[in-house]
Each structure stands twice: as C-alpha cells, then as structure tokens.
Amino acid sequence: MHTIHFLDNHQPEVGAEATTCRKGLKWYNLVNVDNEVNLAHDPEGTIVGRAVVTKLWFGPFRQVPAIFVDIEQNPACQSYPGLLAAMQKTYENFKDTDLVTVVQYKRTE
C-alpha cells in the first residue's frame with residue numbers, strides 16, 4: 001500500500017472526500033482509482049489514517065478543475081491562489097504551467 005505524505009495535519013473526517021495536488025506524473029502512475037493508501041503526517045511519517053482513491057486527474061496546474069480545488073485537504077489551498085502559493089512553497093520554481101496530478105480520495109479511517 002502506498003503512503004501519501006502531507007506537511008500539514010489537515011485531513012477530512014472519516015467518510016469525507018478530499019484532494020491533494022502533486023507535481024508531475026509520479027502519483028498518476030503510482031495509484032489507480034479504488035486503490036487504498038495510507039495518509040501520513042511528515043516529517044515523522046506518522047500514519048494518521050487510510051483512504052481509497054476515488055479520482056485521478058493529470059494536466060497543467062492552471063487547468064485543474066475547480067471541483068478538485070474546492071475540496072483540497074488543506075483549507076488554505078481551496079482557491080487557485082492559495083493552492084498555487086502552497087505548490088510554490090513545496091516545489092522549487094513551480095509555475096502554473098507545470099504538470100500536476102490531483103488525487104481525490106475518500107478517507108476510510
């Protein structure tokens with residue numbers, strides 16, 4: 001089972017869906033819809049829950065559908081400017097034309 005690592009401790013309630021945006025193709029190629037994943041809080045890597053992948057999207061950041069941004073796991077990222085700021089903080093030289101993968105998941109525990 002793969003583990004999605006988060007720098008913050010924002011996660012949806014059990015049964016709710018959320019998204020996470022990651023630069024590049026890694027997560028698009030790593031998981032499929034219906035795969036189970038662990039949710040971990042870094043830097044310790046403490047597992048804080050589990051989830052099932054419900055949707056995947058890949059494309060330029062500036063084209064991420066609003067429906068994914070609206071349910072971003074971190075409330076500060078539930079707008080394009082907020083998500084862009086977080087991506088720029090996380091990934092050096094990140095631009096809104098960079099390719100990203102959005103993983104939508106439903107927390108199961």
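Every number here is computed from the coordinates shown, using simple stated rules; none is lab data. Here the structure is a predicted model, which means the values were calculated and not measured. Here Cβ is always computed from backbone atoms with ideal geometry, including for glycine, and neighbour counts include all displayed protein chains.
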> Across the stretch 1-41, what is the number of residues that are among the polar types (S, T, N, Q), in a loop (DSSP other than H, G, I, E, B) and exposed (fewer than 15 other Cβ atoms within 10 Å of the Cβ)?
Replying inline: 2
> Is it the case that some residue within the stretch 46-60 is part of a loop (DSSP other than H, G, I, E, B) and surrounded by 13 or more Cβ atoms within 10 Å (Cβ to Cβ)?
Replying inline: no
>> Residues that are closer than 17 Å to T3 by Cα and out of contact with any strand residue (DSSP E or B) (no Cβ under 9 Å at 6 or more places or on another chain): does the stretch 44-64 have at least one?
In response: yes
>> Take the residues in the stretch 61-75 that are surrounded by 13 or more Cβ atoms within 10 Å (Cβ to Cβ) and not acidic (D, E); name whichever of them is farthest from F94 (Cα to Cα).
In response: I71
> Looking at the stretch 61-80, which of its residues are polar (S, T, N, Q) and either in a helix (DSSP H, G or I) or within 12 Å of the chain's Cα centre (by Cα) (or both)?
Replying inline: Q63, Q73, N74, Q78
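Here's the yes/no breakdown for (1) of a type in the set (A, V, I, L, M); (2) surrounded by 13 or more Cβ atoms within 10 Å (Cβ to Cβ); (3) assigned to a strand (DSSP E or B); (4) out of contact with any Cys (no Cβ under 7 Å at 6 or more places or on another chain):
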| residue | (1), (2), (3), (4) |
| --- | --- |
| P43 | no, no, no, yes |
| G82 | no, yes, no, yes |
| K95 | no, no, no, yes |
| V102 | yes, yes, yes, no |
